[in-house]
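The values are calculated or read from the model by the stated rules, or taken from the named source; none is laboratory data. None of the values given here were measured: they were computed from a predicted structure. Backbone-built Cβ (ideal geometry, glycine too); neighbour counts: all protein chains shown. For accessibility, only protein heavy atoms count, side chains too; no ligands or nucleic acids. Shrake-Rupley method; radii C 1.70, N 1.55, O 1.52, S 1.80 Å.
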Amino acid sequence: MKTFFDLIQEVQKRGLCHRCGGCVTFCSAVNYGALELDADGKPRYGEIEKCIECGLCHAICPEIDELEKETRERVGWEPPVGRVIATTVARAADPAVRRSATDGGVVTALLLHLFERGRIDGAIVTQPSAPYRRRPFLATSTEDIKDAAGFFFDTAHGMKDFADRYMTHSQIEEFDPMLKKGLKRVAFVGTPCQIKAVRRMQTLGIVPSDAVQFCLGLFCSGNFTFGDDQRQRLAEVGRFNWEEVRKVNIKENLMVHLKKGDVRSIPLDDLEFMRRHACRYCPDYSAEFADLSFGGIGAEEGWTTVMTRSPLGRAAFADAAGAGKLEEFSPKVNPNYASQALAKVRSWSARKRKNAQKNRRKLGARGVQIKSGAA
């Protein structure tokens, strides 16, 4: 049976660790807490003598294929981008939700509806820790959910404040307070690698994943570091000052909305200096293992592309729309809008998968050296 030592050799030393936090969180919540996150969000042994060598940390890692077949069968995965029951373009019906949203506010509106209907008693999301920076957070009220809306660069890897060292967030870490609060019906919002780690736990039927009732996935072209150096360089690339910025979001490009109304559009290829190393090897753009997937790609400003992937996700979306919490883009305006959005998602998914495969071939040919503290 392989253990965390094998994860170090097979994943970390090859530069493939996404720092999703699944291995550490499971070990901390269920076993004896042999693992911990270092200051950069990378898993490591904390107290190696506590390791019981159960092998589950290895099995649930998104980079390990041990459970791939079983996990795909569990969620009904289909090529080329996972199961897709329906695709639509929507936005929150409440203007107040839309004003604080990155795109159309659909995730926030859906979480609020699930909470108000009693379908969930908590949501693992992120909350602001600094401008465009976030930290994981267990929301247990509608106000918590509203406060979590908005765009972020970093996906901060833990509850600790690491200032400009944010790399990836692990909402998975919020499983521990979820258990302590006794919550049994939780919605989990995360990136593709995080959703996949949760699904691996569910495939094994291990605590605490049984409490996750809904997996809401975010489209992801890659996570970014956002320290002072990256912040300064991004402003230079986009020719703006951060004091002028009103809103930032990602569609085909990084869109920087200025307070005076101007918009700076920066190609994502120009952001390679910010992209985390492991993201170059991730093939999942559209959160293929989620109940619903969301993102701005393929949608006009102020709207969100929504992919329904499971019957549970479809029912939740339909209930929220039926209750007037969500507004779908009218097919009378553009009857092909949804299909065009799906085609765009498939195109970006194919692009990310192709690049990941190419980068993995290079990695297999020559290996990779990661400097200490690198993303």
Subject >> Debye intensity ratio I(q)/I(0), log10, the range 11-91, q values 0.18 Å⁻¹ (C-alpha model) >> reply: -0.84
Subject >> Most fluctuating residue given options 113, 257, 277, as computed from a GNM of the chain linking Cα atoms under 10 Å >> reply: 257
**OP:** Quick one: grab Rg to one decimal and Dmax as a whole number for the range 304-362, Cα atoms only, in Å.
**Re:** 15.9, 50
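Listed here are the pairs 259/354; 69/352; 251/358; 13/358; which of them are more than 28 Å apart at the Cα?
259/354
Roughly how big is the range 12-56's charge dipole about its Cα centre, with Cβ charges of +1 (Lys, Arg) and -1 (Asp, Glu), in debye to the nearest 20?
Dipole of the range 12-56, to the nearest 20 debye: 240 debye.
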Original post:
Counting pairs of alpha carbon atoms under 8 Å apart in space and at least six apart in sequence, what relative contact order in percent does the chain give?
Top reply: 21 percent
Original post:
Which three extents, in whole angstrom, do the alpha-carbon atoms of the range 58-123 cover along their principal axes, largest first?
Top reply: 45, 28, 21
Original post:
When the Debye formula is applied to the Cα atoms of the range 221-375, each taken as the same point scatterer, what base-10 log of I(q)/I(0) results at q = 0.13, 0.16 Å⁻¹?
Top reply: -0.79, -1.09
**OP:** Compute the Cα gyration tensor for the chain, then decide on rounded, prolate or oblate, letting a ≥ b ≥ c be the square roots of its eigenvalues: rounded whenever a/c is under 1.5, prolate when a/b is larger than b/c in the other cases, and oblate in all that remain.
**Re:** rounded
Original post:
If we sort 50-59, 233-242 on the protection proxy, mean other Cβ atoms within 10 Å, highest first, what's the order?
Top reply: 50-59, 233-242
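Per residue, how much accessible area does the chain have with a 1.4 Å probe, in Å²?
Result: 44 Å² of accessible area for each residue.
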Original post:
Whose amide H sits under 5 Å from the amide H of residue 215, counting only residues 5 or more places off or on another chain, with H placed in the peptide plane?
Top reply: 188, 291, 292
Original post:
Hey, any idea what % of the range 208-333's accessible area is carbon plus sulfur with a 1.4 Å probe?
Top reply: 46 percent
**OP:** Just check the range 224-314 against the gyration tensor rule for me: Cα atoms, a ≥ b ≥ c as the square roots of the eigenvalues, rounded for a/c under 1.5, and otherwise prolate or oblate depending on whether a/b exceeds b/c.
**Re:** oblate
**OP:** State, to one decimal in nm, how far the label point of residue 68 lies from the label point of residue 39, with both points 7 Å from Cα in the Cβ direction.
**Re:** 3.6 nm
Original post:
How much mean residue ellipticity at 222 nm does the chain get from its helices, if each DSSP H run of length 4 or more adds -39500 (n - 2.57) and you divide by all residues, to the nearest 500 deg cm²/dmol?
Top reply: -9500 deg cm²/dmol
Original post:
By the gyration tensor of its Cα atoms, with a ≥ b ≥ c the square roots of the eigenvalues, what is the shape of the range 275-320: rounded for a/c under 1.5, prolate for a/b over b/c, or oblate?
Top reply: oblate
Original post:
So which aspartates and glutamates pass the test for residue 146, namely a Cα distance under 19 Å, with those fewer than 8 places away in the same chain ruled out?
Top reply: 94, 103, 116, 121, 174, 327
Subject >> Virtual paramagnetic centre 7 Å along Cα→Cβ of residue 93, amide N under 12 Å, in the range 327-344 >> reply: 327-328
Subject >> Between the range 1-54 and the range 308-339, the Cα center-to-center distance that results, in Å >> reply: 40 Å
